[in-house]
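Chemist: Before anything else, here's the structure in question.
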Amino acid sequence: TIEGVIDLAIQGGDGRWLVVDYKSNDFSRRGRLEYLQDYYAPQLDLYAMALAEAGIGEVAECALVFLAGPVIHRWAFDPAARGTERWSRETVASIAARDYVTTAGPKCEFCGYRKRRICDVGRDWAPDVADVAPLNPPPRTPTGESS
């Protein structure tokens, strides 16, 4: 069983659906928005497939709404063209087997899967002490040196 929540599904006048997911990621670094679009697209494809498989209706489009922009990334949902059906079966099997293809790293710090103890990869990850800025840095002298 995979559990997820579709943030919004809108049924158009033609009876087909638009599946929307809101994201609050920061994408100020170069290439980050493109990375996030590729990263989250399979999630929406899986939501779209679940909606269709549940007999609710045909999904025409998916959309990621990045609230930090705001930026909207939309695409036509076509499971045959994207290989979504094959992909989703393989992905569901991997998730069920707790086989997460990832490595631990700084991304784990704010990851909800790590916090909910779903992902074993990031469960024991901790930031490198050298990478963490102190909450109260030592006061600086007029020359800029730490006192």
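Where a number appears in this text, it was derived from the coordinates with a stated rule and is not lab data. Every value quoted in this text rests on a predicted model; they were computed, and no experiment measured them. When we count neighbours, we look across all protein chains shown, and the Cβ atoms used for this are built from the backbone with ideal geometry, even at glycine.
Chemist: Relative to the present Cα-Cα distance, how much length would full extension add between Glu90 and Arg123 at 0.36 nm per residue of separation?
Modeler: Once the chain is fully extended between Glu90 and Arg123, it gains 9.5 nm.
Chemist: Using a Förster distance of 30 angstrom, determine the FRET efficiency expected from the C-beta separation of Tyr113 and Ala54, and round it to 0.05.
Modeler: Given R0 = 30 Å and the Cβ-Cβ separation, E is 0.80.
Chemist: Residue separation times 0.36 nm, minus the C-alpha to C-alpha distance between Asp14 and Ala76: what's the value?
Modeler: Computed gain between Asp14 and Ala76 is 20.8 nm.
Chemist: Now, a different point. Calculated FRET efficiency, Thr102 and Asp26, Cβ-Cβ r, R0 22 Å, to nearest 0.05?
Modeler: Efficiency at R0 = 22 Å is approximately 0.65.
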